[in-house]
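Have a look at the structure below before the remarks.
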Amino acid sequence: MNTIFIGQNLIEIKSIDSTNNYAAQLSRQSVMPEGTVVAAEEQTKGRGQRGNSWESEAKKNLTFSTILYPKFLKADEQFYLTKAVSLAICDFLPTLLPVNLKIKIKWPNDIYIEGKKIAGILIENSVRENQIQHTIVGIGLNINQQNFKTENTVSVSSITEKEYPVNECLEQLCSFLEVRYLKLKKNNRCFDEEYLSSLYQCEEMKSYLFKGEKTIAKIVDVTAEGLLVLEKKNSEKIYCNLKEVTFFQ
């Protein structure tokens, strides 16, 4: 790989339940080199946010995890890593897709193309004494899959009608991840404005379900802790965690 450390230690697996689970197991057994990547041709029980499963056809998509040691971040700063990873995927996708397509981050860490999901991220942190000890970043990115169970899902290939070498896509994405991670290490606030401007439905009045009640509001910010900030028509602000708010399509 044409990187300094992410992907230099590459573990390739034919089939596994979850690359995040496997990476976590490796981390419990020994101290793995930072940037170790576990990539699977098939992931049988891929996980997403809220305990959702991740649908992925074997050998068609990117399903991988990388082990990082962001000890420069405190526990209450861990969402900065989510910003960096999300933006890295947004950096990578234009290398494959037409330039006129809207690439957006659906809070907290799904990637959407023209309102349809193309990628998801699951970040799991090990924290001790308010410091992040190690992080496992799991990424699922639809590359060549054509058929999905849900209509709101797309792949690069379903958009461009081309096939892509998955291994080359992995190498390129690892390079973009590394660039963002190293920038984060220098300045953990450097992505705030860019992340906010990349958010799906940012500054648009939309319907949300907050704590079981429907409300009309717009996204105006994301706090350092990762809370989504909605602003209602009367200027009242609502601070939402992942389990409290649902987007209406």
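Each value in this text was obtained by applying a stated rule to the coordinates, not by laboratory testing. As the structure is a computational prediction, the values presented were derived from the model and not from experiment. Because the Cβ atoms are built from the backbone with ideal geometry, glycine has one as well, and the counts that use them run over all protein chains shown.
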Just grab the label-to-label distance for Lys59 and Gln131, each label 7 Å out from Cα along the Cβ direction, in nm (one decimal).
4.6 nm
Calculated from backbone phi, Karplus (6.51, -1.76, 1.60) coupling profile of the range 92-97 in Hz, x at Gly/Pro
6, 4, x, 6, 10, 10
Cβ density ranking, 10 Å radius, fewest first, applied to Phe210, Phe248, Phe64 yields Phe248, Phe210, Phe64
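If each residue of separation counts as 0.36 nm, what is the full-extension length gain between Asn167 and Asn100 once their alpha-carbon separation is subtracted? Please list the in-between numbers first.
Values: separation 67, 0.36 × 67 = 24.12 nm, distance 2.57 nm.
Residue separation times 0.36 nm, minus the Cα-Cα distance, leaves 21.5 nm.
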Students often forget the sequence filter, so: which lysines lie under 25 Å Cα-Cα from Lys149 once same-chain residues fewer than 8 apart are removed?
Lys14, Lys45, Lys59, Lys60, Lys102, Lys104, Lys106, Lys116, Lys117, Lys162, Lys243
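Go ahead and run the numbers for FRET between Val31 and Thr223, Cβ-Cβ distance against an R0 of 45 Å, rounding to 0.05. Each step should come with its number before you reach the end.
On the way: r = 32 Å, r/R0 = 0.72.
E(calc), rounded to 0.05, equals 0.90.
Working from the pairwise distances between different alpha carbons, so that the mean of 1/r is found and then inverted, what is the chain's Kirkwood radius in Å?
Details: mean 1/r = 0.0538 Å⁻¹.
Value: 18.6 Å, from the Cα pair sum.
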